[in-house]
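Presented below is the structure to which this report refers.
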Amino acid sequence: DKNIVEPDGTADLPIFVRGSEGRPEFRSVFNFAGQYMVFENFYLYNASISVRIPGGTTEVFNHISIRNCELEGNGTTSGRAGIHAGSNTEHIVIYNNHIHHGGDYSYEGENDVHGTTSSMNSHYIWIVDNHIHHMGGDSFQAGHAAEQTISHIYIGRNDMHENGEEAIDLKDVTDIIISQNTLH
């Protein structure tokens, strides 16, 4: 879990990390800690993407887009898959990804493997045009013990279905728009 990618792009010169047409495969957790980056066209098996530094920091990570990727879990209670906007993140776009089979959606007990999440002090998070399904937990969860520090979340045009818990689970979140999603 220590794979840390530290992009240091700018608004004028963002960094693009782009997979080839065949979508290169990774089986590792990625932690993005930086700014102005687009990560696109990858396949991650039983892995996840986090915008954060493991162990915490007060540094703010911003302007990161994760798009056109597939994150597939192994379908077991120990499986993982998902994209996490960690603590101290701003202006994160999660766009047109296929996230599925993280955790075991049919498990009778709690199996909190979520498709996308947002943690304390995260703002301006966009979850748009994703297909998220068969997760052990929720398709999207935000605000667990966040003390009202998550705001300005937009969840639009996603297809979220067949999860062990909810499609969208909100706790301690303010200023949120949920529009044009298909939840079943």
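The values are calculated or read from the model by the stated rules, or taken from the named source; none is laboratory data. Remember, it's a predicted structure, so these values are computed and weren't measured experimentally. Quick reminder, even Gly has a Cβ in these numbers, built from the backbone with ideal geometry, and neighbours come from all protein chains shown. Protein only, heavy atoms only, side chains kept; ligands, DNA and RNA dropped before computing areas. Shrake-Rupley method; radii C 1.70, N 1.55, O 1.52, S 1.80 Å.
Please go through (1) more than 13 Å from the chain's Cα centre (by Cα); (2) outside any strand (DSSP E or B); (3) under 24 Å from ALA47 (Cα atoms) for ALA146 and return the number of the only condition it doesn't satisfy.
Unmet for ALA146, out of (1) more than 13 Å from the chain's Cα centre (by Cα); (2) outside any strand (DSSP E or B); (3) under 24 Å from ALA47 (Cα atoms): (3).
Give segment 98-112 a look and list any residue that's within 22 Å of ASN68 (Cβ to Cβ) and in a loop (DSSP other than H, G, I, E, B), or say none.
Once the filter is applied, which keeps residues that are within 22 Å of ASN68 (Cβ to Cβ) and in a loop (DSSP other than H, G, I, E, B), segment 98-112 yields HIS101, GLY102.
Testing HIS152 on (1) touching a residue at least 40 places away in the same chain (Cβ under 8 Å); (2) closer than 23 Å to ASN88 by Cβ; (3) not in a loop (DSSP other than H, G, I, E, B), one condition comes back false. Which one is that?
HIS152 satisfies every listed condition except (1).
So in segment 27-42, with the set limited to residues that are assigned to a strand (DSSP E or B) and open to solvent by less than 40 Å² (accessible area, probe 1.4 Å), which one is farthest from GLY86 (Cα to Cα)? Outline the logic, then answer.
So the first thing to find is which residues in segment 27-42 are assigned to a strand (DSSP E or B), and the list is 30-32, 35-40.
Checking the rest, the ones that are also open to solvent by less than 40 Å² (accessible area, probe 1.4 Å) come to 30-32, 37-40.
Details: PHE30: 12, ASN31: 10, PHE32: 10, MET37: 16, VAL38: 17, PHE39: 16, GLU40: 19 Å.
Looking at residues that are assigned to a strand (DSSP E or B) and open to solvent by less than 40 Å² (accessible area, probe 1.4 Å), I get GLU40.
Would you mention how many residues in segment 21-76 are in contact with a strand residue (DSSP E or B) (Cβ under 9 Å, 6 or more places away or on another chain), of a type in the set (D, E, K, R), modelled with pLDDT under 95 and more than 15 Å from ASN88 (Cα to Cα)?
Matching residues across segment 21-76 total 3.
Every residue in segment 79-121 that is of a type in the set (A, V, I, L, M, F, W, C), open to solvent by 40 Å² or more (accessible area, probe 1.4 Å) and at pLDDT 90 or above, please.
VAL93
Taking the criterion of being touching a Gly at 6+ places or on another chain (Cβ under 8 Å) and surrounded by 14 or more Cβ atoms within 10 Å (Cβ to Cβ), would at least one residue in segment 151-159 satisfy it?
No; the residues of segment 151-159 include none that is touching a Gly at 6+ places or on another chain (Cβ under 8 Å) and surrounded by 14 or more Cβ atoms within 10 Å (Cβ to Cβ).
Any residue that is open to solvent by 10 Å² or more (accessible area, probe 1.4 Å), polar (S, T, N, Q), in contact with a Gly (Cβ under 9 Å, 6 or more places away or on another chain) and more than 29 Å from GLU21 (Cα to Cα) - is there at least one of those in segment 122-139?
no
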